[in-house]
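**Student:** Handing you a structure now.
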Amino acid sequence: MRSPVELPDELVPALGHGLVNPGTYFNTGRWAQLGFLIELGIKFKELGSAERSEVMGDPWAFRDMAYSITGQGPATQRHALLHLFFPQDFEAIVSDDHIGRIIDRFRDHTTGKTDDPARQIQEIRDALTPRYGKGFDFYDIRLRPLWQDQEDPWPELVGWARKFTEPGVRRRGAYVQAGGRRPARRRAQRCPLERRVAGARDQGGVTNSKNNLTPWQVNDSFKKWIEADPDDARTALVALWDSEEGPGRRVQAFSDRCPSSISSPGQKVALASYLLMGTDPENLPVYRPDPFKKIYELVGTSMYARTEGERYERRSASVTLS
């Protein structure tokens, strides 16, 4: 423009946040989006003052005017403009494909009285509001998996994982970390190895009364192992605690020395991870087989690992993503 228009200061915060991810074409096809806005502006300017007031006061009249400008190119801009002008009537959804998917998934919540996608979406919103709350977002992690088949389910899982950082859940995390710090304190005190081994066995370690992070069967087997073969147990704990190797190799070295009574790879990793958590409870959290099995089921990935160390490393990758 020869004389660029300055954006009013009060609009900067509102437009700085963003509402949707419009996709690649919105950026590569800016000419189509801009052309639509120009044509719509011309059409609006051609209206008389009474007609302008009517259009601006009636969401559906404005929608009809917007759709009178033909062409598939500016569909994203059209949806965005309708929401910006009338957010109570038109969703923050700029994809025809997404609108169609939502309608197909929740068609049972439509009345069948209209074929208008925007009005069908309104009916679906009215029907779902009692369950998901007023003003819910169709892209909410509770709803999006119901209507969109995602190629990559990890982002959805990470969205749920972030909920564990909320205040009420963080208290549980603090409890878990406190449990992990009990064996850590004995390591930090640089006490004789025999005392550190006993600490791992007794009230400061896996058999303490507040530990529900490892199965009781594993705890019992671990205690009996230390009592029956203290030298072998000591060697295993040294490999886990005092090695300069990475966590996966340390878990493997410990697992290789575990007694036959702890036969399951998942149980070996659970025990090793609990003891290892004492060295760094924030970055090396405990491993439990069933929750991680469920995670891999949700994302459609095999949990198969050749060794206990590899199993633990895969756990670490999942925690890093979350």
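The values are calculated or read from the model by the stated rules, or taken from the named source; none is laboratory data. Keep in mind it's a predicted model, so treat the numbers as computed, not measured. Reconstructed Cβ throughout: ideal geometry from the backbone, glycine too, with neighbour counts over all protein chains shown.
**Student:** In the stretch 57-105, which residue that is within 16 Å of K43 (Cα to Cα) and of a type in the set (A, V, I, L, M) is surrounded by the fewest Cβ atoms within 10 Å (Cβ to Cβ)?
**Tutor:** Among those residues, the one meeting the criterion is A61.
**Student:** Just checking: which of the helices (runs of 4 or more DSSP H) contained wholly in the stretch 89-186 hold 2 or more residues that are out of contact with any strand residue (DSSP E or B) (no Cβ under 9 Å at 6 or more places or on another chain), at pLDDT 65 or above and farther than 27 Å from P22 by Cβ?
**Tutor:** Details: elements: 96-105, 117-132, 144-147, 154-162.
Per the criteria, 117-132.
**Student:** Assess whether G246 counts as being exposed (fewer than 14 other Cβ atoms within 10 Å of the Cβ), modelled with pLDDT of 80 or more and either of a type in the set (D, E) or over 23 Å from N212 (Cβ atoms) (or both). Full working, then the answer.
**Tutor:** On the way: exposed (fewer than 14 other Cβ atoms within 10 Å of the Cβ): yes; modelled with pLDDT of 80 or more: yes; either of a type in the set (D, E) or over 23 Å from N212 (Cβ atoms) (or both): yes.
Against the criterion (exposed (fewer than 14 other Cβ atoms within 10 Å of the Cβ), modelled with pLDDT of 80 or more and either of a type in the set (D, E) or over 23 Å from N212 (Cβ atoms) (or both)), G246 qualifies.
**Student:** Return yes or no: is S221 within 20 Å of R311 (Cα to Cα) and surrounded by 13 or more Cβ atoms within 10 Å (Cβ to Cβ)?
**Tutor:** Numbers: within 20 Å of R311 (Cα to Cα): no; surrounded by 13 or more Cβ atoms within 10 Å (Cβ to Cβ): yes.
No, not satisfied.
**Student:** Would you check which residues across the stretch 54-73 are within 22 Å of Q120 (Cβ to Cβ) and in contact with a helix residue (DSSP H, G or I) (Cβ under 8 Å, 6 or more places away or on another chain) and list them?
**Tutor:** Residues satisfying the conditions are P59, A61, F62, R63, M65, A66, Y67, S68.
**Student:** Can you pull out the residues in the stretch 261-283 that are charged (D, E, K, R) and surrounded by fewer than 21 Cβ atoms within 10 Å (Cβ to Cβ)? Talk me through it step by step, then tell me what you get.
**Tutor:** Applying the first criterion (charged (D, E, K, R)) to the stretch 261-283 yields 268, 280, 282.
Correct list: D280, E282.
**Student:** Then there's this: Check whether at least one residue in the stretch 56-63 is within 28 Å of Y139 (Cα to Cα) and assigned to a loop (DSSP other than H, G, I, E, B), and report yes or no.
**Tutor:** Scanning the stretch 56-63 turns up at least one residue that is within 28 Å of Y139 (Cα to Cα) and assigned to a loop (DSSP other than H, G, I, E, B).
**Student:** Which one of the conditions (1) at pLDDT below 85; (2) surrounded by fewer than 18 Cβ atoms within 10 Å (Cβ to Cβ) does V286 fail to meet, given that it meets all the rest?
**Tutor:** Failed condition: (2).
Each row is one residue, and each column tells you yes or no for (1) surrounded by 10 or more Cβ atoms within 10 Å (Cβ to Cβ); (2) touching a residue at least 12 places away in the same chain (Cβ under 8 Å); (3) touching a Pro at 6+ places or on another chain (Cβ under 7 Å).
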position: R2; (1), (2), (3): no, no, no
position: E6; (1), (2), (3): no, no, no
position: V12; (1), (2), (3): no, no, no
position: G23; (1), (2), (3): yes, yes, no
position: F36; (1), (2), (3): yes, yes, yes
position: R52; (1), (2), (3): yes, no, no
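**Student:** Another question, then. Could you say which residue among V238, V218, V269 is in contact with a Pro (Cβ under 8 Å, 6 or more places away or on another chain) and either among the hydrophobic types (A, V, I, L, M, F, W, C) or in a loop (DSSP other than H, G, I, E, B) (or both)?
**Tutor:** Only one candidate qualifies: V269.
**Student:** If you don't mind, another one. Contact list please: Cβ distance under 9 Å, first residue in the stretch 91-117 and over 12 Å from Q148 (Cβ atoms) and outside the structural domain of W60 (by TED's automatic domain parsing), second residue loosely packed, with under 12 Cβ neighbours inside 10 Å and of a type in the set (K, R), pairs at least six apart or on different chains.
**Tutor:** No pair meets every condition.
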